[in-house]
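Okay, structure first, notes after.
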Amino acid sequence: MQDVSTRKFQETILAFEREIYELNANPKVSFDTVINKVITNMELLIPGSLCTILQLNDNNTVKHIAGYSLDHNYIRAIDGLEIGPVSGSCGTAMYSAKSIFVDDIENSELWEPFHPIIKPYGFKACWSVPVKKRTGKVMASFAVYFKEVRAPQKIEINLLERVANLVGVLIENRNAFEETESAKERYDIVAKATSDTIWDWKI
């Protein structure tokens with residue numbers, strides 16, 4: 001029965017990944033829709049979880065980009081916080097470039113500076129996996145909150161690592177698209193501002 005359950009779980013994950021890639025390939029579907037679909041699916045796969053994705057800014061602060069099961073006041077409170085060696089689960093995961101699994105927030109030194117922020121929302125555990133570029137540089141984190149003390153099982157750790165890779169692909173694709181659009185916009189501005197002829201020559 002365990003083997004059957006594990007196989008079914010893996011089949012569900014594969015179907016979930018396929019659905020996300022298909023959505024991402026559709027130009028009519030926005031990045032926000034795709035990334036929040038990842039969150040929705042993960043919350044179904046891990047019952048009792050509240051998921052979020054934080055993006056790392058150039059100034060080493062974080063920005064919430066997906067996951068609205070969390071209270072909006074909590075989202076506002078963590079937006080703009082700086083990462084570091086003792087910065088909760090997400091900030092520490094991004095700073096160290098390693099997965100951080102805190103099963104008991106109240107007794108974790110990583111969360112001690114943030115007890116006043118998190119206490120009103122009843123979160124007891126938080127697992128966070130860094131999201132990396134293909135170069136290995138950290139660009140975000142995928143986090144899972146629980147309102148109970150809880151340690152991850154091996155299958156859940158594997159799932160989170162796979163999803164972090166998936167989110168990395170989605171964010172890099174979004175960034176590449178935005179850079180292409182920006183380059184096209186600059187090209188159009190130059191073309192309209194000059195009477196010179198611009199040639200493209202495919203060698």
Plugging the Cβ-Cβ distance of Ile75 and Ala151 into 1/(1 + (r/R0)^6) at R0 = 22 Å yields, to the nearest 0.05, a FRET efficiency of 0.30
For the chain, I need the span (max minus min coordinate) of the C-alpha atoms along each principal axis, in Å, sorted largest to smallest. 67, 43, 29
Accessible area per residue, 1.4 Å probe, Å², for the chain: what's the number? 61
Over the chain, what percent of the accessible surface lies on carbon and sulfur atoms, probe 1.4 Å? 52
Where does the charge balance sit around Tyr145 when Lys and Arg score +1, Asp and Glu -1, over other residues with C-beta under 15 Å from its C-beta? -3
XL table Lys98/Lys133; Lys98/Lys147; Lys119/Lys147; Lys37/Lys184; Lys8/Lys147; Lys98/Lys154; Cα-Cα > 19 Å flagged, in table order, is Lys98/Lys147; Lys37/Lys184; Lys8/Lys147
Considering only C-alpha atoms, what is the centroid distance from region 80-129 to region 1-79, in Å? 19
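The values are calculated or read from the model by the stated rules, or taken from the named source; none is laboratory data. Model, not experiment: these values are computed from the prediction. For neighbour counting, all protein chains shown are included, and Cβ atoms are generated from backbone atoms with ideal geometry for every residue, glycine included. Accessible surface areas use protein heavy atoms only, side chains included; no ligands, DNA or RNA. Shrake-Rupley method; radii C 1.70, N 1.55, O 1.52, S 1.80 Å.
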